[in-house]
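What follows is a set of notes on a single structure, which appears directly below.
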Amino acid sequence: MAGNLYVGVDYGRNNGPGEDSGSRPWNREDPPFWANASIWLEPGITKATVGDPTFIRVRVSNKSGQLMKAVRVQTFIYPASIGVPPTFGTSIKNFADPVDIPTGAGTNDPDDAHIVRFRGWTPQPGDLQGDGHMCLIANVYQSEDEVASPDPGGKEITATEGFNPNGEQHQGQRNIILEQARQPAISQSQPVKVQYTTRPESPSAHPRQYKVMAEPFEFDGLSPDEIMVLSQVREIEFTKPPTEPATGPGTDPGIDPGTDPANVFGADPGELVLKTSYGHERVTRATSRMSFALKAEGIPGLDQTFERDEKMADAVASELEVQLDPDAPVGSLHTFDLSLNDEKERVGSGLRVMILVTE
């Protein structure tokens, strides 16, 4: 049964609440479900640094037409993986105090009542795993201990519950990056190593055939989620601001129009350029092909079938080496989707990997 509370994926589209009404699954790519604009970090939007206090923010939308009281939000952070999501016990957990959520989706005002604010999270060295790509899951619910009729479909995630950010309107996902220090520039001369975790389903009486697949992302120009991610890179800037910045009640003039979701999903977010030692290079989609080499115990390689047996770990440490064309120009963006698939469909969550060639 559908509820009234949800985490709107595309808040800010056309300077408004977006087109997400809570119906799931969310199958659009502008943005994809894992780039949910209603979840972000302060001050880094999608970036956090080990040792620096970071504040999680979640916008809760309410389509009931009335005030929803004592709404609770949980968040869970875990290293990027493909296949079955990690569990409650292996994630970094944060919990916000209950708040009352007005009807609607709210405004861009930083004090808007739809924005649930968490106490500071200071990432620890042990939180940094692999290359720092993390999944941030939010879950919205009401407790029957606090309200007489909790929102249908919403419930607290406990040790026995799993994550379903694209199948449950009360959940949302925003992929983030946890950094130890400033990362070195990526050169096309050396393979790029993407570290993640593969999580097949548990063995059963009817074994399933799996494949790990890396598929180039095809889009005319740069997609909204690519623009959103690249806009957070300090060496990248807009050549011009959006043609129609957000205006009207609730607009915060202190928000950088280059990172404001209300503008990122507008009609003209401006051209992205990469700052170099010799000037600027326009950021464009790469036309050259990539080659891949997969290293993961029990998995023979990309596009090769395997079965999960009793000896295979629940979480398989995986590393994908990506070799770019040595002649790929500076400013070229190479994007692909990494996923675990069975005979019929994708299993669980996947990753979208973006590699930008710099000097």
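Things to note:
- Test: residue in region 253-269 that is at pLDDT 80 or above and under 30 Å from residue 359 (Cβ atoms): no
- Tally, over region 217-237, of residues that are in contact (Cβ under 8 Å) with a residue 60 or more places away in the chain, open to solvent by 50 Å² or more (accessible area, probe 1.4 Å) and either more than 20 Å from residue 358 (Cβ to Cβ) or over 18 Å from the mean Cα position of the chain (by Cα) (or both): 2
- Top-ranked residue of region 269-326 - restricted to ones that are farther than 29 Å from residue 83 by Cα and in contact with a Phe, Trp or Tyr (Cβ under 9 Å, 6 or more places away or on another chain), ranked as surrounded by the fewest Cβ atoms within 10 Å (Cβ to Cβ): 271
- The residues of region 129-147 that are touching a residue at least 24 places away in the same chain (Cβ under 8 Å) and either among the acidic types (Asp, Glu) or surrounded by fewer than 16 Cβ atoms within 10 Å (Cβ to Cβ) (or both), listed by number, are 131, 143, 146, 147.
- Among the residues of region 327-340, those that are under 20 Å from the mean Cα position of the chain (by Cα) and of a type outside the set (Gly, Ala, Ser) comprise 333, 334, 335, 336, 337, 338, 340.
- Applying the criterion of at least 2 residues that are open to solvent by less than 10 Å² (accessible area, probe 1.4 Å) to the strands (runs of 3 or more DSSP E) found wholly in region 1-95 leaves 39-42, 55-59, 68-79, 81-83.
- Filter result for the condition that a residue is assigned to a loop (DSSP other than H, G, I, E, B) and open to solvent by 10 Å² or more (accessible area, probe 1.4 Å), over 126, 154: 154
- Matching residues, region 22-68, being more than 19 Å from the chain's Cα centre (by Cα) and within 19 Å of residue 167 (Cβ to Cβ): 63
- Of all the numbered requirements in (1) part of a loop (DSSP other than H, G, I, E, B); (2) surrounded by 21 or more Cβ atoms within 10 Å (Cβ to Cβ); (3) at pLDDT 90 or above, residue 188 misses one, and that requirement is (3).
- For region 157-177, the tally of residues that are farther than 17 Å from residue 90 by Cβ and part of a loop (DSSP other than H, G, I, E, B) stands at 5.
- Among (1) at pLDDT below 95; (2) over 24 Å from residue 316 (Cβ atoms), the one test that residue 115 misses: (1)
The values are calculated or read from the model by the stated rules, or taken from the named source; none is laboratory data. Quick caveat, the model's predicted, so the values are computed rather than measured. Counting neighbours? That spans all protein chains shown, and the Cβs are built from the backbone with ideal geometry, glycine included. Note: areas computed on protein heavy atoms with side chains; ligands, DNA, RNA excluded. Shrake-Rupley method; radii C 1.70, N 1.55, O 1.52, S 1.80 Å.
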